[in-house]
Amino acid sequence: MRAAVSVSEMSVRGGAAHRVSRVLPEEAAVAMVYNGGTQAVMMATPADLRDFAVGFSLSERVVERPDEIESLEVAEQPDGIELRMWLSGDLEALDLVRPFDDALAQAEAHGEVAQVRRGDGLQRRPPPAAPG
């Protein structure tokens, strides 16, 4: 994907029409995927995505250091971009969305319908069980 696109339009100044070109930033849905589970999806300009993934992971305290990201893949999809990261360290301590099969199994165990789409990176965590 491109980070910007050039568009041509008409501009009127002083009563005269002129054709002008402008460069506008592109936007795409960008999903942060950790160990197979989608944590967040946001709109972003598709440039410097590796830096964006590392910066987001650090600022949201998903990782403490960049070297905790073992691998990072930028995967363009028809409806957006997935930043697929595999993490090292104590993954049980992280409150991340579980991969598809685990989330679906938990939803079925609670008699809930999981709203999860396989293959496109969009996943929702099942609602928590009511206390008691």
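The single residue among PRO127, PRO99, PRO66 that is over 14 Å from VAL30 (Cα atoms) and modelled with pLDDT of 90 or more turns out to be PRO66.
Condition check: modelled with pLDDT of 55 or more, within 30 Å of ALA4 (Cβ to Cβ) and part of a loop (DSSP other than H, G, I, E, B). Does VAL74 satisfy that? In short, no.
With respect to the conditions (1) out of contact with any helix residue (DSSP H, G or I) (no Cβ under 7 Å at 6 or more places or on another chain); (2) free of Cβ contacts under 8 Å to residues at least 40 places away in the same chain, ALA3 falls short on a single one, namely (2). Restricted to segment 64-83, and to residues there that are surrounded by 19 or more Cβ atoms within 10 Å (Cβ to Cβ) and out of contact with any helix residue (DSSP H, G or I) (no Cβ under 9 Å at 6 or more places or on another chain), the residue that is farthest from ASP51 (Cα to Cα) is GLY80.
Only one entry in VAL33, VAL5, VAL41 is closer than 28 Å to GLY89 by Cβ and touching an Asp or Glu at 6+ places or on another chain (Cβ under 7 Å), namely VAL33.
The values are calculated or read from the model by the stated rules, or taken from the named source; none is laboratory data. This is a predicted model, so every value here is computed, not measured. Every residue, glycine as well, gets a Cβ built from its backbone with ideal geometry; the counts of neighbours run over all protein chains shown.
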